[in-house]
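Values quoted throughout were computed directly from the atomic coordinates according to the rules given, and no laboratory measurement underlies them. Since the structure is predicted, the reported quantities are computational estimates derived from the model, not experimental observations. Ideal geometry is used to build each Cβ from the backbone, glycine not excepted, and the neighbour counts take in all protein chains shown.
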Amino acid sequence: MSVTGTHRPDALGRFGQFGGRFVPETVMAALDELEAAMSDAFADPAFHAQRDALGRDFVGRPTPIYHAERLSEVVGGAQIWLKREDLNHTGAHKINNAVGQALIALRLGKRRIVAETGAGQHGVATATVCARFGLDAVVYMGAEDIRRQRPNVVRMGMLGAEVVPVTAGAGTLKDAMNEAIRDWIATVETTHYMIGSAAGPHPYPYLVRELQSLIGTEARAQMLGACRRLPDAVVACVGGGSNAIGLFHAFRDDPCRIVGVEAAGDGADLHAQSLAKGRVSILHGSRSYVLANEDGQVVETHSISAGLDYPGVGPEHAHLLATGRAEYLGESDADALAGFHRLCRLEGIIPALESSHALARAERVAREVGPGGIVLVGLSGRGDKDVDAIAAREGI
Amino acid sequence: MELKRPALVVYLMASSDAPDLAAAAVRGGATAIELGIPYSDPLADGPTIQRAAQRALDAGMTTAGAIAILAEINRRVDVPLVPMTYGAIVESFGLERFCAEAAAAGAEGLIVADVPPEESGALRAAASANGIDLIHLVAPTSREDRLQAAADASRGFVYLVAAMGTTGARESLDVRLDALIGRVRTAAGGTPVLAGFGISRPEQVAAILAAGADGVIVGSAAIDAADRGGAEALEVFVRNLASGLPA
Ligand SMILES: Cc1ncc(COP(=O)(O)O)c(C=O)c1O
């Protein structure tokens, strides 16, 4: 796994007009140190060797691409291919980032890790790498997300992490992130903040992109191997944007459509479409699109999927939107659920609710592209964490 | 901004009772008022100020409304007024519009907790065009280059963060505080250095001034006092703190 050197942020950590560092002074020095440690690590073959070995033997990489033949046939358009991040150890793409950041935390000499989690997948990935490396893990999680992603809360506990419930606000990802950052501000000298998405202050959006970009690098080579051509479109769900940027990055200079899928929630006023419906503001350390009122107060969001239920988005996606390189569309709770069930029944794969948003949109894109075309979807995670909530909702 | 030294700055959250509270704080000995403009996600603030901000927002406080409260306070007291808020709030209002309206309402300084010197160019220009002193923060973790950059970029005073973490009253301040005050004093030249975060007691005030700071900023503990017993309790609290100031 090598780290690509293209499309870097500028000296202030900006992608176009987005990004930067908007945090209290107390953590600015730590961001400088992190940036230096990251650059050292990326230039160090030993870091890559360690990461590759863990990727292969601990995480289970490379993940396959898979032609969803029956789904493609039912949809009746382009071939739909899945990049199977759901097959990773711990069940989602989040572990790619957690492994890389754990190695960097060790290089920084920091043995306490704080993180936020929404769906619990990043919390589980954090707890997992902390167990693996003997680090202390403290994971902040919204009370509402603790309720709807219960299995992951249990897993984090078994792995030895302390899960701190956050009751502020709506008790979802944004509130958990506030508390993780506040913890870090108080403990920054001994603690590494293991952010879970390609968001936050510089260098996090770049760091997380680089740690996730193996998704797209692998998938691109795998597509060329299996199909002798590149896909016509790549599709991924966008919460903070880490699985999406990880998939998109390898394809951004190719002639293919790039489609990010945000949560359209109830399909009306309650949604989490920061890119499609937000305004330019500052949240959690960077300038990007934010769901906020005209005063800049962050407004309530909704999605059936805890991992997409977030009013901000990583700054590089804002840049891809502003430059027209990527499009960002919404899928509602209901349509994501329908996509969820179709993948279960037609392919024998239970997807995460987050990924189900990408699947629902991929069906539409496959019809637009038409027969003879190819659509590649990021299947960011598996749905084990969601089965209880879906069963309760549907009276199963 | 002409700060009386030693300075005792009391932080209040913009709300309908803020003008009465500001008057009480000044009666008790406050030499300047810092007025929080509420933000939904204040990363630099601990539970007390978070709660005060949420209460203000729940009661319908807007940025325009907070500026109106500032103007009301300006009619009631004769000390420098310094709004304090976050980048999302001033950017959403418009940097130029914010500085112009805040200045018209009597603001002499401005603190934006999450906009460090490298990001504050446009804000500095808007503030200075409107005669507002933009104040930057330095922390126990700031290395010399950052400390100097913050001191150089600051007008009015340099805000020294006296404790690691978010705002909130504390038993003990950062162990490096004395040394930090000395470092910031040197970097700041003639610009006053005020310490804030965690301060709640006269002994802390006395120690900070003895270490060479030009004043202190008291936030959460003042809000706690006002929450407990309104303007009267706040006045008593401030008077007690002022007893830590040299005569
Ligand atoms: C399976 C899965 N996909 C996607 C996401 C959304 O995060 P991101 O946009 O950073 O990929 C999450 C977050 O919890 C997740 O668990």
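Estimated from helices alone, the mean residue ellipticity of chain A at 222 nm is -13000 deg cm²/dmol (sum of -39500 (n - 2.57) over DSSP H runs with n ≥ 4, per residue). I'd like the distance between the alpha-carbon centres of the range B:136-203 and the range A:316-353, rounded to an integer number of Å. Here the answer is 47 Å between Cα centres.
Does chain A classify as rounded, prolate or oblate by the C-alpha gyration tensor (a ≥ b ≥ c root eigenvalues; a/c under 1.5 gives rounded; else a/b over b/c gives prolate, otherwise oblate)?
rounded
Its alpha carbons give the range B:7-242 an Rg and a Dmax of 16.1, 44 Å. Rounded to whole numbers, the Karplus 3J(HN,Hα) couplings from phi for the range B:58-70 are 4, 7, x, 5, 10, 5, 4, x, 5, 5, 5, 5, 4 Hz, using 6.51 cos²θ - 1.76 cosθ + 1.60 with θ = phi - 60°, and x at Gly and Pro. The order of the peptides A:10-23, A:241-254, A:353-366 by mean Cβ neighbours within 10 Å, most packed first, is A:353-366, A:241-254, A:10-23. For chain A, the residue among A:S274, A:A250, A:S356 whose Cα projects farthest onto the positive side of the dipole built from Cβ charges is A:A250. Proximity of backbone amide H atoms, modeled 1.01 Å from N, is registered between A:G142 and A:T117, A:V166, A:A176 at under 5 Å, excluding neighbours fewer than 5 places apart on the same chain. Expressed to the nearest 5 percent, the antiparallel share of DSSP beta bridges inside the protein assembly as shown is 20 percent.
Taking amide H atoms as placed 1.01 Å from N in the peptide plane, the amide H of B:S40 lies under 5 Å from those of A:V298, each 5 or more residues away in sequence or on another chain.
Each stretch of four or more DSSP H residues adds -39500 (n - 2.57); spread over every residue of chain B, this sum gives -14500 deg cm²/dmol at 222 nm. Restricting attention to the protein assembly as shown, the count of lysine pairs at 8 or more positions apart or across chains with alpha carbons under 22 Å apart stands at 7.
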